[in-house]
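To start, the structure under review is shown below, and the notes come after it.
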């Protein structure tokens with residue numbers, strides 16, 4: 001495992017029967033960076049994130065996180081990670097504050113961690129309200145607060161801006177962007193909002209049908225796209241062309 | 001960021017998750033309902049029981065325990081469903097599974113809560129039996145000791161049902177499925193032949209047994225086997241968790 005990378009996967013594969021959700025994935029996520037994980041629906045982004053969190057068992061391959069290997073150091077790996085997968089996960093019968101309090105006790109964090117996370121996600125005012133009565137945006141913020149609790153060294157965020165209004169999206173983008181500098185945190189973030197990811201990520205990984213099509217910086221992506229004769233005006237154009245090209249090649253292969 | 005496996009903290013955390021779920025009122029209400037059974041039965045036909053010879057406690061148990069046990073089993077079914085419904089309703093379980101703790105901790109925490117909660121209806125019912133005995137029967141020698149032994153025995157006999165029902169609830173994301181399956185099992189178990197030793201050990205059927213039906217040695221064996229069943233369900237939950245991760 002390279003010293004620079006905090007997350008590395010080696011031929012990570014997940015299959016369900018004869019369907020391959022993730023195929024021989026080799027990710028290299030640098031410490032202290034924001035890594036934008038892109039791909040169309042069903043590309044395997046969430047499955048990859050679930051495998052990194054131990055929620056799904058890899059069919060083959062391995063990964064290392066913060067110099068710890070899975071599955072041997074599963075508990076130690078989870079200790080280093082805050083996560084938000086697919087949709088906000090919480091206890092609807094509890095208030096926002098009570099939800100975070102449970103997480104705080106499990107993670108054995110100081111009492112101030114809850115107030116800190118609520119403040120960071122703008123939920124302080126609504127902390128006494130039952131979580132099931134939150135709006136979608138507030139539930140999303142609660143999920144984020146849970147992930148950010150205690151400032152873990154690694155954050156895994158799957159579509160963190162889903163359901164947020166433009167102001168909320170801007171706030172979350174600014175927050176995610178600031179995390180590496182503020183808390184020496186590494187962020188793996190997936191999103192369908194390509195302009196948002198373009199603004200927040202240092203490195204990108206583009207996934208299609210479970211295979212990693214590209215990994216690297218925005219400049220490297222532009223160079224790759226130029227060499228392949230694809231448009232490079234913005235990330236969205238490049239992304240769409242790259243996926244389209246892969247789908248056509250895939251059709252030919254099949 | 002520090003973390004822990006929190007095995008001993010888990011039951012305490014589980015109680016915090018139960019706020020506003022109706023879990024405690026359900027057990028309190030269920031206990032009171034169970035306590036009404038001997039009181040109403042005695043109030044309506046006291047002579048049929050007071051005319052019988054033998055230990056008053058045994059007479060009361062023989063006359064009322066089948067219905068009281070059925071209520072207790074139903075309460076365990078509802079309790080297990082509530083415990084896992086809080087996890088599945090808003091996907092809290094996904095967050096719990098991504099925290100640095102052993103997967104079985106969640107199950108064990110809930111099992112502890114359910115076992116401790118069963119004490120509440122059992123105590124209320126025991127109190128009701130004690131009051132019935134004091135009010136309608138003159139002989140009250142050794143009542144306290146008999147009652148405590150009976151209470152402990154019935155609690156141990158409820159544990160396999162609690163573990164089985166929690167295992168079932170942990171598998172069903174939809175609470176109505178686990179509740180429906182639980183209710184079917186409650187009624188199915190009440191139809192099984194009562195004399196069979198194998199049936200006596202089955203979850204959902206074992207709580208119908210009473211301490212006075214067994215010799216001291218048999219009662220100890222019964223308790224040991226029930227605790228063994230609990231361990232089996234814990235192992236089953238562990239295996240299920242590993243299998244589920246392969247398909248999720």
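The values are calculated or read from the model by the stated rules, or taken from the named source; none is laboratory data. The structure displayed is predicted, hence computed values, not measured ones. Glycine gets a Cβ as well: all are built from the backbone with ideal geometry, and neighbour counts include every protein chain shown.
Selection within segment B:233-248: residues that are out of contact with any helix residue (DSSP H, G or I) (no Cβ under 8 Å at 6 or more places or on another chain) and surrounded by 14 or more Cβ atoms within 10 Å (Cβ to Cβ). The member of this set that is nearest to residue A:14 (Cα to Cα) is B:245. Residues of segment A:154-171 that are under 13 Å from the mean Cα position of the chain (by Cα) and at negative phi: A:154, A:155, A:156, A:157, A:158, A:160, A:161, A:162.
Considering every residue within segment A:9-23, establish whether at least one is touching a residue at least 40 places away in the same chain (Cβ under 8 Å), closer than 16 Å to residue A:203 by Cα and surrounded by 15 or more Cβ atoms within 10 Å (Cβ to Cβ). Yes: one or more hits. Of all residues in segment A:160-185, those satisfying the criterion of being over 20 Å from residue A:30 (Cα atoms) and in a loop (DSSP other than H, G, I, E, B) are A:160, A:161, A:162, A:163, A:164, A:165. The residues listed here are B:10, B:66; of these, the one that is away from chain A (no Cβ under 14 Å) and out of contact with any strand residue (DSSP E or B) (no Cβ under 7 Å at 6 or more places or on another chain) is B:66.
For residue A:77, state whether it is surrounded by 20 or more Cβ atoms within 10 Å (Cβ to Cβ), closer than 25 Å to residue B:21 by Cβ, modelled with pLDDT under 95 and at the interface with chain B (Cβ under 9 Å from one of its Cβ atoms). Against the criterion (surrounded by 20 or more Cβ atoms within 10 Å (Cβ to Cβ), closer than 25 Å to residue B:21 by Cβ, modelled with pLDDT under 95 and at the interface with chain B (Cβ under 9 Å from one of its Cβ atoms)), residue A:77 does not qualify. Of everything in segment A:163-203 that is within 14 Å of another protein chain (Cβ to nearest Cβ), out of contact with any helix residue (DSSP H, G or I) (no Cβ under 6 Å at 6 or more places or on another chain) and crowded, with 18+ Cβ neighbours inside 10 Å, the residue that is farthest from residue A:81 (Cα to Cα) is A:179.
Of the residues making up segment A:18-27, those that are farther than 17 Å from residue A:64 by Cβ and part of a strand (DSSP E or B) are A:19, A:20, A:21, A:23. Within segment B:115-131, none of the residues are surrounded by 17 or more Cβ atoms within 10 Å (Cβ to Cβ) and within 30 Å of residue A:86 (Cβ to Cβ). Flag not set for residue B:98, criterion: out of contact with any helix residue (DSSP H, G or I) (no Cβ under 7 Å at 6 or more places or on another chain) and modelled with pLDDT under 95.
The one condition from (1) within 18 Å of the chain's Cα centre (by Cα); (2) crowded, with 22+ Cβ neighbours inside 10 Å; (3) facing another protein chain (nearest Cβ under 8 Å) that residue A:107 does not meet is (1).
Filtering A:211, A:253 for residues that are surrounded by fewer than 18 Cβ atoms within 10 Å (Cβ to Cβ) and modelled with pLDDT of 90 or more leaves a single hit, A:211. Is at least one residue of segment B:154-172 surrounded by fewer than 23 Cβ atoms within 10 Å (Cβ to Cβ) and within 17 Å of residue B:68 (Cα to Cα)? Checking segment B:154-172: at least one residue is surrounded by fewer than 23 Cβ atoms within 10 Å (Cβ to Cβ) and within 17 Å of residue B:68 (Cα to Cα).
Restricting attention to segment B:15-24, does a residue exist that is within 14 Å of chain A (Cβ to nearest Cβ), part of a helix (DSSP H, G or I), buried (at least 18 other Cβ atoms within 10 Å of the Cβ) and touching a helix residue (DSSP H, G or I) at 6+ places or on another chain (Cβ under 6 Å)? The answer is yes, given that some residue of segment B:15-24 is within 14 Å of chain A (Cβ to nearest Cβ), part of a helix (DSSP H, G or I), buried (at least 18 other Cβ atoms within 10 Å of the Cβ) and touching a helix residue (DSSP H, G or I) at 6+ places or on another chain (Cβ under 6 Å).
Which is touching a helix residue (DSSP H, G or I) at 6+ places or on another chain (Cβ under 9 Å), under 22 Å from residue A:89 (Cα atoms) and at pLDDT 95 or above, of A:128, A:111? Steps first, answer last, please.
Working: A:111 fails: at pLDDT 95 or above.
Just a single option satisfies the conditions, and that option is A:128.
Any residue at all in segment B:180-187 that is within 14 Å of chain A (Cβ to nearest Cβ) and either buried (at least 17 other Cβ atoms within 10 Å of the Cβ) or on the phi < 0 side of the Ramachandran plot (or both)? No: segment B:180-187 contains no residue that is within 14 Å of chain A (Cβ to nearest Cβ) and either buried (at least 17 other Cβ atoms within 10 Å of the Cβ) or on the phi < 0 side of the Ramachandran plot (or both).
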